[in-house]
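Everything below concerns the one structure shown next.
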């Protein structure tokens with residue numbers, strides 16, 4: 001077996017890899033509530049059914065965070081998935097070398113020439129002998145994995161089980177479909193009064209974002225999102241106060257409510 005090659009990366013800020021909104025944890029969607037319309041992407045079916053939270057794709061393609069010059073408008077606080085580019089946090093560390101070998105030959109990376117097996121001016125080492133060497137890359141991978149693992153534990157597994165029952169007997173999805181964040185938001189809002197207020201703020205900011213999205217970039221389902229988010233907000237505002245759930249502390253920490261206080 002041949003030894004794994006060293007991999008170097010140089011970002012030219014060309015924007016070519018920013019061709020769609022990134023996958024994000026729910027706390028990241030809350031942080032970027034004024035930039036991305038959040039959604040749940042459903043992949044596969046049966047035992048292979050998987051959920052992922054991400055930004056909803058726009059009608060004009062591209063990432064909503066790009067400015068007029070196709071530069072990232074949130075670069076200094078971009079989501080962990082973006083910080084990890086061209087790595088993929090959904091793959092194990094042992095699989096990153098093979099991934100980068102494939103990506104350096106594929107668009108858009110091949111056209112940009114940003115992934116190389118030798119050091120070039122302005123590049124940085126990502127893998128040496130197949131092993132990750134950059135602490136920033138390790139932190140980005142770990143952050144995405146840890147936050148999405150908490151998402152699964154706090155609401156994702158329960159929703160996945162419910163969807164598996166609803167979709168039982170149907171063939172697996174080709175590609176994926178997206179739905180509003182309502183199931184996740186309702187679960188989080190029920191945890192405590194602080195969580196409910198944070199979810200209400202998120203719903204308000206999302207409706208405002210949808211309203212100011214240009215018509216050319218507004219997929220038809222955005223109006224559905226606006227309506228269901230309005231209904232959820234009304235339901236939460238009229239609901240009777242309930243005692244905090246046993247998971248209230250964990251959910252408040254996950255949503256970074258203590259840091260925001």
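Remarks
- Given (1) under 13 Å from residue 255 (Cα atoms); (2) crowded, with 18+ Cβ neighbours inside 10 Å, number of the condition residue 209 does not satisfy: (1)
- All positions within the stretch 96-128 that are part of a helix (DSSP H, G or I) and surrounded by fewer than 12 Cβ atoms within 10 Å (Cβ to Cβ): 102, 111
- Single unsatisfied condition, residue 239 versus (1) within 30 Å of residue 43 (Cβ to Cβ); (2) exposed (fewer than 14 other Cβ atoms within 10 Å of the Cβ): (1)
- Residue 145 vs. criteria surrounded by 14 or more Cβ atoms within 10 Å (Cβ to Cβ), modelled with pLDDT of 95 or more and out of contact with any strand residue (DSSP E or B) (no Cβ under 8 Å at 6 or more places or on another chain): yes
- In the stretch 18-38, the residues that are without any contact (Cβ under 8 Å) to a residue 24 or more places away in the chain and on the phi > 0 side of the Ramachandran plot never reach a residue that is in a helix (DSSP H, G or I) and crowded, with 24+ Cβ neighbours inside 10 Å with C-beta atoms less than 6 angstrom apart, at least six apart or across chains.
- Against the test of being surrounded by fewer than 14 Cβ atoms within 10 Å (Cβ to Cβ), in contact with a strand residue (DSSP E or B) (Cβ under 8 Å, 6 or more places away or on another chain) and outside any strand (DSSP E or B), the options 4, 68, 13 yield a single qualifying residue, 13.
The values are calculated or read from the model by the stated rules, or taken from the named source; none is laboratory data. Being a predicted model, the structure only gives us computed values, none of them experimental. Backbone-built Cβ (ideal geometry, glycine too); neighbour counts: all protein chains shown.
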